[in-house]
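*Asks:* This is the structure, below, for whatever I ask next.
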Amino acid sequence: MKPEFVRAGAPMAGDSDLSPCRPAAYREVPERRWRGFAAVGGRRCVPEEVPVALRVNCADYAVMLASPVDLEDFAHGFLFTEGLIEAPGEVVELTMATREEGIVLRLELATDAVRVVQSSGNSRRLPAATGCGLCGVQSLREAVRPVPRVTGVQRVTAAAVGRAVTALRQWQPLNASAGALHAAAFATPEGEIVLAREDVGRHNALDKLIGALLREGRSAQDGFVVMSSRCSYELVQKAARFGVGMLCTVSAPTGLAIRLAEEAGMTLVSRAQADGFSVFAGECRLDW
């Protein structure tokens, strides 16, 4: 089933073939539920996921399945966590075209960034599943890349963690409408969320958040990241690449995520609720 399209605003600069319609973030579908020993008909909203192709300097780089919102942030964050750019200014031009099959993001990178793309050898060139940040990587060696050490010792109180986790739901309007979306948010050391992004894929949500932080000029040292998902290894990789000192997730981590967090010197908080959480790495940043 192809995604539904909705009327959107003006096209991005330089994209003459952009359709005036873009995929909706969610759609309403018929639903039949079993309740009280009887079948009840109705309707509900479900989130959309759309193929998003990234073309870097006229070459196909990756196709990801993502929620069709905040795609400018997604492009910047994805290229940053992939190691193709170091700063937003290296993206000389970004255009977006809507096709029947999905969305094409065309990115022109600066000269230095072009060299990185040509020498990286990391071109995915294959479709990637929504819930997987690994699909399409061409070698096992590229699957679990070494993580950089995070710098700075920004201390956070246990109460601040609770405040951020409690506030996270208020920053999830798409999930409130349709459900099944993850959120990645950036909170101050006092636990106040200042920015958040949503996507059906947890790694996409984090890429969008990192892209937004980059474009706003915010430093990873100014706070910590809190996410509505479990903590898998690629979240630690992406967070460490941005220099995040503390990553907090609502659900449990994997063993590999814990090992990578320890390697990065990152504080990893998981199973986080308003009234408590577990620390799996880097307890030194927490004030009890």
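Only the coordinates and a few stated rules stand behind these numbers; no lab work does. Everything numeric in this text was worked out from a predicted model, so none of it was measured. Heads up, the Cβs are rebuilt from the backbone with ideal geometry, glycines too, and the neighbour counts pull from every protein chain shown.
*Asks:* First check a/c for the range 132-288, with a ≥ b ≥ c the square roots of the eigenvalues of its C-alpha gyration tensor; if it is under 1.5, answer rounded, and if not, answer prolate when a/b is larger than b/c or oblate otherwise.
*Replies:* It is rounded, given that a/c, with a ≥ b ≥ c, falls under 1.5.
*Asks:* Near ARG197, within a Cβ-to-Cβ distance under 14 Å, what is the net charge of the other residues, with Lys and Arg +1 and Asp and Glu -1?
*Replies:* Once all neighbours under 14 Å are counted, the net charge is -2.
*Asks:* Amide H of VAL200: which non-local residues (sequence gap of 5 or more, or other chain) have their own amide H closer than 5 Å, using H built in the peptide plane?
*Replies:* It is SER67, HIS182, by chain and number.
*Asks:* Which of the peptides 204-211, 166-173, 32-39, 90-97 is most tightly packed, and how do the rest follow, going by the mean number of other Cβ atoms within 10 Å of each residue?
*Replies:* 204-211, 90-97, 166-173, 32-39
*Asks:* Taking the Cα centre of the range 156-287 as the origin, how large is its charge dipole in debye, to the nearest 20, when only Lys and Arg (+1) and Asp and Glu (-1) carry charge on their Cβ atoms?
*Replies:* 280
*Asks:* Same structure again: So what are the ³J(HN,Hα) numbers for the range 199-205, from phi and the Karplus equation (6.51, -1.76, 1.60; θ = phi - 60°), rounded to whole Hz, Gly and Pro as x?
*Replies:* 6, 5, x, 5, 5, 5, 4
*Asks:* Report the antiparallel proportion of the DSSP beta bridges in the range 156-287 as a percent, rounded to a multiple of 5.
*Replies:* In the range 156-287, DSSP labels about 60 percent of beta bridges as antiparallel.
*Asks:* Convert each backbone phi in the range 71-80 into a coupling constant with the Karplus relation 6.51 cos²θ - 1.76 cosθ + 1.60 (shift: θ = phi - 60°), then list the ³J(HN,Hα) values in order as whole Hz, x for Gly and Pro.
*Replies:* Values, residue by residue: 6, 5, 5, 4, 4, 5, x, 5, 5, 5 Hz.
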